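Peer 1: Before I ask anything, here is the structure I am working with.
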Amino acid sequence: MRFLRRPKVLDTALVIVISMPGVLGLIFMIERGETGDVPRLAHYLVGAVLLLARRRRPVLTAALVTTLDVAGHALRLITVADVPAVIALYSVGRHTAGRVTALTSLAAYAAYALAGEVFQPGKGNWVGYLFFVATTVGVGQLVRLRAELDERGRREAADAAVREERRRIARELHDIVAHHITVITALVGGARATLPAEQEVTRDALKSAEQTAREAMTEMRRLLDVLRADDVLRDGELLGAAGTGPDAATGVGAERLPALVDEARSAGLSTSLTVTGTPVALPAPVDLAVYRIVQEALTNTRKHAAGARAGVRLAYEQEAVEVEVVDDGRATGSGAPGFGLGGMAERVALCGGRLTTGPHPGGGFRVHARIPLETL
């Protein structure tokens, strides 16, 4: 059924169906030696074949069929518009809109009316052709409008389902994740308050953990606000590319990389940051992608390469921005992407960039992304 619903298949089937009477009539006439109606049948079959392009080139198809019918009037092959003309003008209404439809309809009517008055004068064919063109094109327009309304309804239903799912996720995050982060913050703060004064190193570690938990809670609240927003979708597309969508609401970007590196150092990961080039304001999706790539890479280093050192490099170029995170820990696999690496790849791909991950030739693991700026 999916194959049969393809436009090319439908158009071919239509041409075959409407051509069948002409082909059979032509065969019977040739067998009987009757050639009087052969030109008329040939005219009909040529018009039917022209309909193969009615969906892709409706205006051109209507122009060719109309020209063919005018020639048919001149040669006395037809006296009224034939079936191919009906389908061709219907296709104009079905697959065009606005000024194109109006001008094409007017031109077709003028051609038919002029041909009727010149080759069949005195019969008032211009009135019949006015009704013919207006009806066929009008029916096509009605079908097109109904299809557009149906598509809009389906799109609005899909958007409503997406918004409802976002609200459900927001509720789950608030009730589960946000609650646990709050509990962790309270427990760490309580443990830090009960430490003796001489345990300064432990106190600093707990203070860093408490600060990280509070920042995570702040980002969680921003994320919940984004998930609950009903206007983050327009025509099924995220508005992040304009810098006003959900990504822009997270409040993190390349400017916060120094703070992120400081947090990594506080957590025990020796980290350095190098920035080259002239810093420029990055589009919101790119800005967020740069931050999240570094954040995820440093998190992976802490999890999978304890005791390693990491280096972060951010390079501003004229047409692109590059971000690279390299650690010197021992590689523990082939670097096949999991959820974190997969998320990085998705972010970079949405920005039109390229991400490479894997073991570093000098040892350790390397994450490198290059994101063009001219495409945004």
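Peer 1: Of the numbered conditions (1) under 30 Å from the mean Cα position of the chain (by Cα); (2) in a helix (DSSP H, G or I); (3) closer than 20 Å to VAL139 by Cα, PRO84 satisfies every one except a single condition; which is it?
Peer 2: (1)
Peer 1: Please go through the range 71-90 and pick out each residue that is open to solvent by less than 50 Å² (accessible area, probe 1.4 Å) and closer than 16 Å to ARG144 by Cα.
Peer 2: Correct list: ILE87, ALA88, LEU89.
Peer 1: Given the conditions (1) surrounded by 15 or more Cβ atoms within 10 Å (Cβ to Cβ); (2) more than 24 Å from the chain's Cα centre (by Cα); (3) modelled with pLDDT of 90 or more, report the number of the one that GLY329 does not fulfil.
Peer 2: For GLY329, the failing item is (3).
Peer 1: Related question: Could you please let me know if GLY93 is surrounded by 15 or more Cβ atoms within 10 Å (Cβ to Cβ) and under 44 Å from the mean Cα position of the chain (by Cα)?
Peer 2: Values: surrounded by 15 or more Cβ atoms within 10 Å (Cβ to Cβ): yes; under 44 Å from the mean Cα position of the chain (by Cα): yes.
So GLY93 fits the description; yes.
Peer 1: Mind counting the residues in the range 194-203 that are open to solvent by 80 Å² or more (accessible area, probe 1.4 Å) and part of a helix (DSSP H, G or I)?
Peer 2: 2
Peer 1: Among the residues of the range 196-209, write down those that are under 15 Å from ASP262 (Cβ atoms) and among the charged types (D, E, K, R).
Peer 2: Listed by number, the residues that qualify are ASP204, LYS207.
Peer 1: Look at ALA310 and say whether it is surrounded by 18 or more Cβ atoms within 10 Å (Cβ to Cβ) and modelled with pLDDT under 80.
Peer 2: It is false that ALA310 is surrounded by 18 or more Cβ atoms within 10 Å (Cβ to Cβ) and modelled with pLDDT under 80.
Peer 1: Further question on the same structure: Looking at ASP159, ASP175 in this structure, which one is open to solvent by less than 60 Å² (accessible area, probe 1.4 Å), within 30 Å of ASP225 (Cβ to Cβ) and among the acidic types (Asp, Glu)? Even if it seems obvious, please write down each step before you answer.
Peer 2: Values: ASP175 fails: open to solvent by less than 60 Å² (accessible area, probe 1.4 Å).
Testing whether each residue is open to solvent by less than 60 Å² (accessible area, probe 1.4 Å), within 30 Å of ASP225 (Cβ to Cβ) and among the acidic types (Asp, Glu) leaves just ASP159.
Peer 1: Now a separate question. Read through the list (1) more than 30 Å from GLU263 (Cβ to Cβ); (2) open to solvent by 60 Å² or more (accessible area, probe 1.4 Å), then give the number of the only condition that THR182 fails.
Peer 2: (1)
Peer 1: Still on this structure: What number of residues within the range 96-115 satisfy the criterion of being out of contact with any His (no Cβ under 7 Å at 6 or more places or on another chain), aliphatic (A, V, I, L, M) and buried (at least 21 other Cβ atoms within 10 Å of the Cβ)?
Peer 2: Selection size over the range 96-115: 1.
Peer 1: State which residue is nearest to LEU206 (Cα to Cα) when the search covers only the range 259-292 and only residues that are open to solvent by 40 Å² or more (accessible area, probe 1.4 Å) and part of a strand (DSSP E or B).
Peer 2: Filtering the range 259-292 for residues that are open to solvent by 40 Å² or more (accessible area, probe 1.4 Å) and part of a strand (DSSP E or B), the one nearest to LEU206 (Cα to Cα) comes out as SER270.
Peer 1: Considering only the range 144-157, I want to know if a residue exists there that is of a type outside the set (Val, Ile, Thr), closer than 30 Å to SER91 by Cβ, touching a Lys or Arg at 6+ places or on another chain (Cβ under 7 Å) and in contact (Cβ under 8 Å) with a residue 24 or more places away in the chain.
Peer 2: yes
The values are calculated or read from the model by the stated rules, or taken from the named source; none is laboratory data. Being a predicted model, the structure only gives us computed values, none of them experimental. All Cβ positions, glycine included, derive from the backbone under ideal geometry; neighbour counts span all protein chains shown. Side chains included, ligands, DNA and RNA excluded: accessible areas come from the protein's heavy atoms. Shrake-Rupley method; radii C 1.70, N 1.55, O 1.52, S 1.80 Å.
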